[in-house]
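All remarks here apply to the structure that follows.
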Amino acid sequence: MRKKIVRYGALMFAGSLTALSLAACGGRTSTANSGKTAESTNLPVDESGNPSALGKYKEPVTVEIVQSINPTQSFPAGQTVEDNQYTKYVKEVMNIDIKIKWQAANGDDYTQKQNLAIASNDLPDIMRVGQTQFKELADSDLIEDLTDVYAKYASDTMKYVLDTTKGEAIETATMDGKLYGLPGVTPEADSYNLMWIRQDWLDKLGLEVPETVEDLQKVAQAFVDNKMGGEQTAGILGASANNNLYNNFLSPANNLLTFDAIFSAYKAWPGFWIEDTNGDPIYGSITPETKETLAKLQEMYKSGALDQELGARKDADEAWKSGKAGILFTPWWQGYSIKDALVNDPEASWIAYALPLAEDGKWYPKMANSTSTFLVVRKGYEHPEAAVLLNNYLLRDEATFDTTAVDPQYYPGRVVMSPADENAYTVTQLKKVLNGEAPDDYDKAIYKNLTKDLDSLKNVKLEPYGNLRIATWNSDDDNFGRIYSMLCGSARVNEADEAGNIERVYSKIYNQTTTMEKKWANLKKLEDETFLKIIIGESSVDEFDKFVEQWKAEGGDEITKEVKEYAAK
C-alpha cells in the first residue's frame, strides 16, 4: 500500500503574523518588556524619539554573543572578531556594542560548547540555535517570549520574508502561543535534490533525458559501457564516505549526491516521518517501498550503472569535476561549482531536471521545514528587541556589505532570512528579461540578489537563450555560477510546478524526541550500515527485514509512539 503524504504541521500555531500583532495589542506583556516606554527607557527610536524597527539606542547597549569561527580564516589587517568593519557599522547605526562571551571552531567543537552552555544555563544575551536546542530552551523557560517585541519592532521587510513561508516560520518558532525565537528562513529551493546530467554525453550518444528509473538505469549504463568518462566512469555518482545516502528529518536539505530522487520515484522517503494508511506516523526507512528501492539500487550497482566506489570515496566531487561521472543528484546550487568541471572539459554541459518521475508521472521531492535555526534571547536580558533590530538592519543593508572584509558568519545575531520563494521568483524575472519583457517591480531589500542578477544576465547567458549547453554561456562573469544555477537548476522546479506534477513530501517532525536523544545515533548507524551493505551487495535485500525488526526492538517502536504524540499536539 502506498503511504499518504502530509505537510509538516506538528507545531502549528492557530494564528499568524497578524494574530501575533493582535495579541500584543490586546495586552500580553512579556517579562522583559513590562512597563518599558520610549520616554522612560533606552529603546531604539527614530529621529523623533518614537520606537522604530530601524531605530537607534540613545545610550550604548551591550549585546553579548557566542561565535563559531573558522580557525583558518583571518581578518584584514587592523580588524578583529570584536572590532571590524561590521561591528563598527552596528555601533554607528544602532549604538550597540558587541561583546563575545566565547568562541569555538565550526562544527562539533562549537556544538558541544553550546550544548554545555545550555545545560549549565550560562547563556549569552542572544544566540542562534537549532530546532532541538530551541525546544529544550523554551521548555526549560530559559529564553524570552518575543511575541510583543516582534509585534512592535519587526520591520515590514522581515514580516514579508517570514510571510513567504505562509506562516510556517512563525508557527515553528511558537510554543504555547508564544514566540520564543526569531526564525531564520532559507529558500524552499534548497530542499530539492535535482537530477544533474551531462547533456553533452546524452547528445553524443543520441539519448533522451531519462524520465523514469528504468530510463535512468539504461542511460547510466550507456555512459559506463561507452566509457564516456574514461575507464572509471561512474554512471550515477554517490555520496562521499560517511555522507548521507538521502536527506533525513534532522538534515532535510542541502545534502550532496543523495539517492532521494530514486527513492521518491518508488514513493519511498527514508529518513522522513510520514503517514501510514491509517494516518499514523511511520518512519520512512522501514516501509516496503524503501526495500523495493534498495533492491533496484543493488541491481544498478551490480550492473555497474551505479558508482562502484560508493561509500569509499573520500571526495566524490572530484569524480564529476574531473569528468568521470555522468549523473548526480544535488540541490540547485550545483551550478556554482560547474566552472571547476570546465577546467578539465570545456564542453561539460551539466543541466538539471526534476526527475525521475514515479509511475503516476509525478515528482515527489522531500521538503525541509521552512526554518531550522532560531535566534533566541536569554531570559531576563534587558534588551530583547536588539535581536530583532540587528536583523532588521541586515535585511535592509546586507547586500551592500563587503563580504571579503568580514564573512557573514561573523555578523552578530544573524539568522539567514531569504524569502522562501526567492529562487522561483528570481527564475521568473530572469526568464521575462530573456523573453524581451520588463521584470516586475520588486523590493530590493527582499530580493537582494536580483538587481545584480538582472544586470549581469545577458553578459552571462548568451544567445540563443533557449539553448542551455555550455557553449552559450560566459563563464568568466563573476555571477556565472548563480545565473547558471538558476536557469539550469531552479528553473526545472518552476517548470514542474507549471506542469502541475510536483507532490511535495514533508516530515511529521524535524527535531528529536526524548528517546531519540538517547538512542537515535545508534539507530541511524544501524540504518546507514545496513542500507549501504545492501546497495553494494555485501548483504542480501532480505537483510532489510532483519533491520526493521532490530530497529523496532532497539527503540524504534518507542520513538514512533513519541512521534505520534508529538504530531497530535
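All of the numbers you see were taken from the coordinates with simple rules; none came from a lab. Quick caveat: nothing in here was measured; it's all calculated off a predicted structure. We place every Cβ from the backbone using ideal geometry, glycine too, and count neighbours over all the protein chains shown.
Here semi-axes √(5λ) of the Cα gyration tensor in Å was calculated from the structure, and among (1) 41, 30, 22; (2) 57, 38, 27; (3) 37, 29, 23 it sits at label (1). With θ taken as phi - 60° and the Karplus curve 6.51 cos²θ - 1.76 cosθ + 1.60 applied, the whole-hertz 3J(HN,Hα) list for segment 130-147 is x, 5, 5, 5, 4, 5, 4, 5, 5, 4, 8, 6, 9, 10, 6, 6, 9, 3 Hz, x standing for glycine and proline.
Calculated on C-alpha atoms, the gyration radius of segment 468-539 divided by its Kirkwood radius gives an Rg/Rh of 1.21.
The packing ranking of peptides 475-481, 397-403, 120-126, highest mean first, is 120-126, 475-481, 397-403, where packing means the average number of other beta carbon atoms within 10 angstrom of each residue.
Seen against the Cα atoms of the chain and their longest principal axis, helix 85-94 is set at about 40 degrees. One way to sum up the overall shape of segment 128-183 is the equivalent ellipsoid from its Cα gyration tensor, whose semi-axes run 20, 13, 9 Å, largest first. For LEU43, nonlocal amide neighbours, meaning residues 5 or more places apart or on other chains whose placed amide H falls under 5 Å from its own, are LYS58.
Projecting label points 7 angstrom from Cα along Cα→Cβ for GLN409 and ASP455 puts them 2.8 nm apart.
Residue by residue, segment 527-540 carries 3J(HN,Hα) couplings of 5, 4, 5, 5, 5, 5, 4, 5, 4, 8, x, 6, 10, 6 Hz when phi is fed to the Karplus relation 6.51 cos²θ - 1.76 cosθ + 1.60 (θ = phi - 60°); x denotes Gly or Pro. Under a 5 Å amide H cut-off, with hydrogens placed 1.01 Å from N, THR233 pairs with nothing among residues at least 5 apart or on other chains. Computed over the Cα atoms of segment 437-569, pair by distinct pair, the Kirkwood hydrodynamic radius stands at 19.9 angstrom. Peptides 385-394, 519-528, ordered by how many other C-beta atoms sit within 10 Å of their residues on average, highest first, read 385-394, 519-528. Distance between the 7 Å Cα→Cβ label points at ILE100 and ASN121: 2.8 nm. Residue by residue, segment 363-369 carries 3J(HN,Hα) couplings of 10, 10, x, 6, 10, 6, 5 Hz when phi is fed to the Karplus relation 6.51 cos²θ - 1.76 cosθ + 1.60 (θ = phi - 60°); x denotes Gly or Pro. Full extension of the chain segment joining SER48 with ASN344 gains 100.5 nm, where the gain is 0.36 nm per residue of separation less the Cα-Cα distance. Overall dimensions of segment 69-148, expressed as equivalent-ellipsoid semi-axes from the Cα gyration tensor (√(5λ), whole Å, largest first), are 26, 19, 9.
At R0 = 22 Å, how high is the FRET efficiency between GLN85 and ASN479 if r is their beta carbon distance? Nearest 0.05 is fine.
E(calc), rounded to 0.05, equals 0.45.
For a modelled paramagnetic label at ASP139, 7 Å from Cα along Cα-to-Cβ, the residues of segment 506-549 in reach, with backbone nitrogen under 17 Å, are 509-521. A helix-only calculation puts the chain at -10500 deg cm²/dmol for mean residue ellipticity at 222 nm, using -39500 (n - 2.57) for each DSSP H run of at least four residues, averaged over all residues.
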